[in-house]
Amino acid sequence: MIIYEATKTEFIFDVINELLVERLYQSYQEKIGRTSKSEITSWENSLQRMCNVMQDTEIPSDASVAIEFKIPNTSKRVDFLVAGNDGSQDHVVIVELKQWSEIELIESKDAVVSTFVGGGKRSVTHPSYQAWSYAALIRDFNENVQDQHIELNPCAYLHNYRKTENDPLTDNHYKEHLTKAPVFTKGEIIKLRNFIKKYVIKGDRNRLIYEIEHGRIRPSKSLQDSLSGMLKGNTEFIMIDEQKVFYEEAFQLAKESVNNKKKQVMIIEGGPGTGKSVMAVNLLVNVINEGLMALYVSKNSAPREVYASKLKGTIRKTEIDNLFKGSGSFTTSELNEFNVIIVDEAHRLNEKSGFYGNQGENQIKELIKASKFTIFFIDERQKVTLKDIGSIDLIKRYAAEELDAELITGKLSSQFRCDGSDAYIAWIDDVLQIRETANAHDNGIEYDFRVYDEPHSMLREIEKLNQTNNKSRILAGYCWEWPTKQRKNTNFKDIIIPEHDFEISWNLSDSIWAIDQESVNEAGCIHTSQGLEFDYVGVIIGSDITYRNGQVITDYNKRAKSDQSLRGIKKIAKENPERAHAIADEIIRNTYRTLLTRGQKGCFIFCVDPELNRYFQSRLNKTANYYKDFSPSKWDMVAENKKLYE
């Protein structure tokens, strides 16, 4: 979608005669239906500067100009485009406009600067990187740009910014991005004109702006090849047994979706470690390789960022990031805008979207509407917040009753995490008193589960195991505050257990903490670990779950105030205390069930509540079942029996 399109001559006329703001406003109202004149007026200074740039007789009068091009499949908008021909090749110059007057270098991060935006100082992407990334998105997903070989030439123009000696904007730290997209500042209008004139010598003879605006979304061949190559290099994405069977069925449905008149929805149910995410990533890559537009969607940003990084083989941002979306990205999507949407962790979907939870109707409905074929991977026992509404029944309702979609279901049962031990999952459910199972104790469990009397030893063991392949991490229940203002480095300790003189910080990076080489000394929580897996996890079980008189007891009042998982529970408690307790109880048990099933090879725990620690230890006893009575003499007997057995 383009808000404004004209020739160079028409654009200059509209600016000089003060008609541009009104025309932009009318176009916005017609095409989007919401904006304000004050927002449009705020662009006026930048567009006046571009009018000055374009007033060069060597820039052809019939060159095309466009303002505010929304890149399909994103919420991103290109500020200004100039289209023409260099005599043999069609070109579109992309100009990212900024009104900044100062910036600060951030050496610790790639392509990030600090500047004043939105009323305060914030970290934002370097304008050269931003311009280049927009060009890369259009190049990688616009069929007309690919087929007609339209060259895209990005740059940035900071018309209020005056360069100084040793300027942070052009520091060598950003050299790679400046090479791909040069930046022009105050006093460099001639340099910007020369950049445009290098590519736009003749006018727009082939309606390039129109071709870009109406290009079908299609992943480029180079992106397909890149993704395929990276998938082959990752053994963790290999599918076996029923994963492969369900994958092939889903892949066939995805390919057929192009010609199907009726929507199709597939639901794949599976517990922890059954390979849901492995299937999801394989589908994403191979559907893209078929030339279809597919997206990987999850509520949590952590799995999106980690899987994207694994596929890229680097944590640096590139064009494939656009294939990984949050579940709230589809409130304004058109009917069947995408070929395939792959929804991982579907139990985490919310009803409303947006920061204030006031956008859209229902994420499940929006996802089904936006795609011809939508596949949901779900485990209803992993709902961990009050807002999680994803359920099989709700998906079926929207699919069949409201959107008339054909429904296909499947269930993954084989366990590939927790050392392939279905018995361990059943044992955890029994121990946490989520459901009664036949696994009253750990007989037959071939999985490294340990209970530590103090957290230091557990951390040391995780650090030792992590040296092998960077796949061991500390996790904790959200019972300690997460004060973001102080969290600039790990010197600030969030999790403090004074009786053991133990301190550790929450993870600094929400997105790639799980694979960051330096993060083994940080603790992750449910929000930064759900949807991911490790070789070994050490879990600190907080005071929100205890053991008394033979019962595992939960207390939502022990959760940190900064945790949003149970936001709204106190309001429910005022109206119906029993209902509030039941809701919170399920969420707390599900949270620890999820944390305790993140490790493929082993899970170690330390419980803040000593009685809960002893309870877990007793449930590991392979010869006796004495966990109902914890008098000192009985505990000594349990310990002695375990010692003799070993």
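A compact table of results
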{"quantity": "Among (1) modelled with pLDDT under 95; (2) assigned by TED's automatic domain parsing to the domain that holds Ser327; (3) crowded, with 21+ Cβ neighbours inside 10 Å, the one test that Ile395 misses", "calculated": "(1)"}
{"quantity": "Test set (1) surrounded by fewer than 20 Cβ atoms within 10 Å (Cβ to Cβ); (2) modelled with pLDDT of 90 or more - Lys485 fails condition number", "calculated": "(2)"}
{"quantity": "Criterion: at pLDDT 90 or above, in a helix (DSSP H, G or I) and among the hydroxyl-bearing types (Ser, Thr, Tyr) - qualifying residue of Tyr296, Tyr247", "calculated": "Tyr247"}
{"quantity": "The lone exception for Glu611 - which of (1) modelled with pLDDT of 95 or more; (2) surrounded by fewer than 20 Cβ atoms within 10 Å (Cβ to Cβ); (3) closer than 22 Å to Ile526 by Cα it fails", "calculated": "(3)"}
{"quantity": "Filter result (polar (S, T, N, Q), without any contact (Cβ under 8 Å) to a residue 40 or more places away in the chain and surrounded by fewer than 18 Cβ atoms within 10 Å (Cβ to Cβ)) within segment 176-207", "calculated": "Thr179, Asn194"}
{"quantity": "So Tyr161, is it hydroxyl-bearing (Ser, Thr, Tyr), in a loop (DSSP other than H, G, I, E, B) and either outside the structural domain of Gln130 (by TED's automatic domain parsing) or touching a Phe, Trp or Tyr at 6+ places or on another chain (Cβ under 8 Å) (or both)", "calculated": "yes"}
{"quantity": "Residue match in segment 381-400 (condition: within 21 Å of the chain's Cα centre (by Cα) and closer than 25 Å to Tyr134 by Cβ)", "calculated": "no"}
{"quantity": "Trp480, sole failed condition from (1) within 18 Å of Cys525 (Cβ to Cβ); (2) at pLDDT below 85", "calculated": "(2)"}
{"quantity": "Hits in segment 159-170 (condition: touching a residue at least 60 places away in the same chain (Cβ under 8 Å) and either within 11 Å of His126 (Cα to Cα) or under 30 Å from the mean Cα position of the chain (by Cα) (or both))", "calculated": "Pro168, Leu169"}
{"quantity": "Top-ranked residue of segment 331-370 - restricted to ones that are small (Gly, Ala, Ser) and touching a Ser or Thr at 6+ places or on another chain (Cβ under 8 Å), ranked as nearest to Glu401 (Cα to Cα)", "calculated": "Ala370"}
{"quantity": "Residues that are touching a Phe, Trp or Tyr at 6+ places or on another chain (Cβ under 7 Å) and within 19 Å of Ile189 (Cα to Cα), drawn from segment 68-95", "calculated": "Leu81, Val93, Ile94, Val95"}
{"quantity": "Positions within segment 517-568 being among the aliphatic types (A, V, I, L, M), under 21 Å from Gly271 (Cβ atoms) and buried (at least 22 other Cβ atoms within 10 Å of the Cβ), in sequence order", "calculated": "Ile526, Val537, Val539, Ile541, Ile545"}
{"quantity": "Residue within segment 123-132 that is in a helix (DSSP H, G or I) and hydrophobic (A, V, I, L, M, F, W, C) present", "calculated": "yes"}
{"quantity": "Selection from segment 208-221 of residues that are part of a loop (DSSP other than H, G, I, E, B) and surrounded by fewer than 19 Cβ atoms within 10 Å (Cβ to Cβ)", "calculated": "His214, Arg216"}
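The values are calculated or read from the model by the stated rules, or taken from the named source; none is laboratory data. Model, not experiment: these values are computed from the prediction. All Cβ positions, glycine included, derive from the backbone under ideal geometry; neighbour counts span all protein chains shown.
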